[in-house]
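S.K.: Structure incoming, see below.
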Amino acid sequence: MTRVHDTSSPTLEARAGVAALLHHSAMTRFLIARAGSITAQQMLMLAISWHMYELTSSAWYLGLVGLFQFIPGLATTFVAGHCADRMHRGQIVAVCLAAQAVTATLLAVSIMTHIVTRDLLLGLSLILGAIRPFQMSGQQALLPMLVPQTLLARSMALSTVVQQVCVIAGPALGGLLFAIGINALYWTCAALFCVSAVMYALIRYDYVPPPREPITAETILAGLRFVWSNPLLLGGISLDLFAVLFGGATALLPVYAKEILHVGPQGLGLLRSAPAVGALCVGLMLSRQAIGSGVGKKLLTAVAVYGMCIVAFGLSRSFPLSLLLLAISGGADTISVVVRQTLVQLETPDRMRGRVAAVNTLFIGASNQLGEFESGVTATAFGVIGSVVLGGCATILVSVAWSRLFKPLVRRETLH
């Protein structure tokens, strides 16, 4: 696989910012397709989590939804990375989105035929978990192929902006569709997945199939060895794993919406959207002006701020204050995401990007899905509030510990 060739001046493009990014048609298609798929995924997960809590009234089962998405990823992640380095990345993502359209359709049909159960929701969570590593590995390895390297950091920021707009719009739209009926939500998800799959399939870039080589454990696990041998990458990727593993409160938002803040499914949509509001504001700034010096220290500071916001959210009884704290946490998380993802792409040769992206996907999956399970377990042991507060404190401690353990990450000055 080779990068898209571009003869324009790197200096002029770097100064042009967002306009230069959208000048690349493949990048524009990528952003449109990403918008549709993320909106659908946000609505789908909102529906599944609320549906599960309606059926069980249990934080434990909310946590199991995350665990059941994480477990199959352990089996498919490294195979997914190998595929992303051997096959057309846009087509891989398109197939994954088509499969998710089928999943949303099955949920809609189960509602119509009155056969939906907690076991069905958990079973479909397993399917989503098996699919996701292929989608994420393909997406992460695809983006650097669509723009010149001088625009990579800003393309990451703009992609994050699109993601956060959809994270805002998805749950909010999902909350409105709940007023019509949950079936309307599932059918809308299926339609958006189909449209996004077509858009990804239409993305074109300079694709040169790599030389054939035997598929062995060594080639499949090459990405893991590469990350392990690079302290900068290992520190950045593992920072996200432990920070979000402990500090994530998403799985418990249905409990906060129903029993603590008393705002119902529409309020749940706003709670899930709030972090994206802060992320959107920060992402827009980063797409116009990249982070300058001291990126390593800013990364660790952002993670600590995220943890402090989670602690305060856990103690809050005010709906507006809770929304504000989640928004600030989303802004801090965006700084972390842009820095980490850009460093991963800059430090990885293209022939390895799929497999390194697979390792990153595994860590992200562990932090998100396994973090949801951790939230359910600690909520059962310490209560919902205790779980969120303890998780936020642990995130702050992780930031401090990583500043001592990974000096190359702390000393990293720029995203070039």
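S.K.: All but one of (1) in contact (Cβ under 8 Å) with a residue 60 or more places away in the chain; (2) buried (at least 21 other Cβ atoms within 10 Å of the Cβ); (3) closer than 28 Å to residue 185 by Cβ hold for residue 257, so report the exception by its number.
M.R.: (1)
S.K.: Right, something else. Could you tell me which of the residues 322, 336, 329 is buried (at least 20 other Cβ atoms within 10 Å of the Cβ), hydroxyl-bearing (Ser, Thr, Tyr) and touching a Pro at 6+ places or on another chain (Cβ under 9 Å)? Can you show your working first?
M.R.: Numbers: 322 fails: touching a Pro at 6+ places or on another chain (Cβ under 9 Å); 336 fails: touching a Pro at 6+ places or on another chain (Cβ under 9 Å).
Every option except 329 fails the conditions.
S.K.: Can you name the condition, by its number, that residue 147 falls short on among (1) in a helix (DSSP H, G or I); (2) more than 20 Å from the chain's Cα centre (by Cα)?
M.R.: (1)
S.K.: Being surrounded by 23 or more Cβ atoms within 10 Å (Cβ to Cβ), within 22 Å of the chain's Cα centre (by Cα) and either over 19 Å from residue 93 (Cα atoms) or at pLDDT below 75 (or both) is the requirement here; does residue 64 meet it? Explain how you work it out, then say what you get.
M.R.: Numbers: surrounded by 23 or more Cβ atoms within 10 Å (Cβ to Cβ): no; within 22 Å of the chain's Cα centre (by Cα): yes; either over 19 Å from residue 93 (Cα atoms) or at pLDDT below 75 (or both): yes.
Taking the combined requirement at face value, the residue does not satisfy it.
S.K.: Next question. All but one of (1) touching a Leu at 6+ places or on another chain (Cβ under 9 Å); (2) assigned to a helix (DSSP H, G or I); (3) surrounded by fewer than 23 Cβ atoms within 10 Å (Cβ to Cβ); (4) modelled with pLDDT of 80 or more hold for residue 388, so report the exception by its number.
M.R.: (3)
S.K.: Which of (1) surrounded by 19 or more Cβ atoms within 10 Å (Cβ to Cβ); (2) in contact with a Gly (Cβ under 9 Å, 6 or more places away or on another chain) does residue 121 not meet, given it meets every other one?
M.R.: Among (1) surrounded by 19 or more Cβ atoms within 10 Å (Cβ to Cβ); (2) in contact with a Gly (Cβ under 9 Å, 6 or more places away or on another chain), the lone unmet condition for residue 121 is (2).
S.K.: What are the pairs with Cβ atoms under 7 angstrom where one residue, in the stretch 217-238, is small (Gly, Ala, Ser) and the other, located anywhere, is outside any helix (DSSP H, G or I)? Sequence gap at least six, or different chains.
M.R.: 235/406
The values are calculated or read from the model by the stated rules, or taken from the named source; none is laboratory data. Quantities reported herein were computed from a predicted structural model and do not represent experimental measurements. Every residue, glycine among them, receives a Cβ derived from its backbone with ideal geometry; neighbour counts consider all protein chains shown.
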